[in-house]
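Every number in this text was worked out from the coordinates using simple rules, so none of it is lab data. Note that the structure is a prediction, hence the values are computed from the model and not measured. Virtual Cβ from ideal backbone geometry, glycine too; neighbours counted across all protein chains shown.
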Amino acid sequence: MASVPVVVTSRVRDLLTQTGDLFTIALEGLRRTWDVRNWFWEFVEQCWFLARVTTLPVILIAIPLGATVALQVGDLAGQLGAQSATGGAVVVGLVREVAPLAAALVIAGAGGSAMTSDMGARRIRDELSAMEVMAVNPIHRLVTPRMWAASMVSTMLASLVILSGAIGGFFFNVLLQNVTPGAYFDGALGLLRISDLVVTLFKAWLFGLIAAMVACYKGMTCAQSPVGVGRAVNQATVVALMLVFGFNYVITTIYVIAFPPKI
């Protein structure tokens, strides 16, 4: 029985150590952001890769999601005699919550797993150690461009989710539920504010940064075996999503308190 507190204490210590290492790598990567010429082309390559593997999945997620919300909310609003408010509910939901979370899910699932496996493969082949021997900091050369690429692509994906979801909601709400196009867009524009879009883009940027940060950390610290890389990929996805949902709750709570929604 006396060993139980020791085990718990050891696990807590390991968790705190890993958390500290994670944020140390992230801050070290951001520290050399100004030295763009050393990581610019890697940044461009990562942006192109992330955009290529995430654009189609995020569209395929957003269109049926917007349509589903429109059908469900439209049916309920029709029973209450306020079917014209469906557009506002769909677009406001997309802008405030769905867009950054959907972008984060795709970035962490598709892009983050690829980053983790790439960094893990470099660790197995001792490329990271070789870079250090050549006086090249692997964090500045590899982690910095990936964090900025993921954050930028995530921001653009959030905008794509809003557009695709609004189109899906418009199609089902207008064509199937006989709501006029003017009423659909008027309800959305009447409830949205510029601050909603600003906070959404900030959340998408932050979530992309978190996904890349966790992916790079797990890849650079994985066990030096193929099994270790596979486990690191799974852990990176789970940890990134946990952090994303946690930060989303905190940011949303602060925003709602500071800027109460319109009625």
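Given a cut-off of 36 Å, what percent of all Cα-Cα pairs of the chain lie beyond it?
On the way: 8880 of 34453 pairs.
Result: 26 percent of Cα pairs exceed 36 Å.
For the chain, list the DSSP H helices whose alpha carbon atoms reach 27 Å or more along the long axis and whose average Kyte-Doolittle value is 1.0 or above?
Details: long enough: 3-31 (41 Å, 0.51); 40-79 (55 Å, 1.08); 144-175 (46 Å, 1.31); 194-220 (39 Å, 1.49); 226-258 (48 Å, 1.42).
Span-like helices in the chain: 40-79, 144-175, 194-220, 226-258.
Evaluated with a Cβ-only charge set (Lys, Arg +1; Asp, Glu -1), region 111-244 carries a dipole of roughly 260 debye about its Cα centre, given to the nearest 20. Put the Cα centre of region 98-120 next to the Cα centre of region 127-187 and the gap is 10 Å. Stretching Glu97 away from Ser195 to a fully extended chain increases their span by 33.9 nm, per 0.36 nm per residue minus the current alpha-carbon distance. Along the axis of the charge dipole computed for region 133-263 (Cβ charges of +1 for Lys and Arg, -1 for Asp and Glu, origin at the Cα centre), the listed residues Val161, Tyr249, Ala212 are led at the positive end by Ala212. In the chain, Cα pairs under 8 Å separated by at least six residues give a relative contact order of 31 percent.
Given +1 on the Cβ of Lys and Arg, -1 on the Cβ of Asp and Glu, and no further charges, what dipole in debye does the chain carry about its Cα centre, rounded to the nearest 20? Intermediate values should be presented prior to the final figure.
Details: 17 positive and 14 negative charges, 58 e Å.
Once rounded to the nearest 20, the dipole reads 280 debye.
Relative protection proxy for 114-122, 246-254, 12-20, from highest mean packing down: 114-122, 246-254, 12-20 (other beta-carbon atoms within 10 angstrom).
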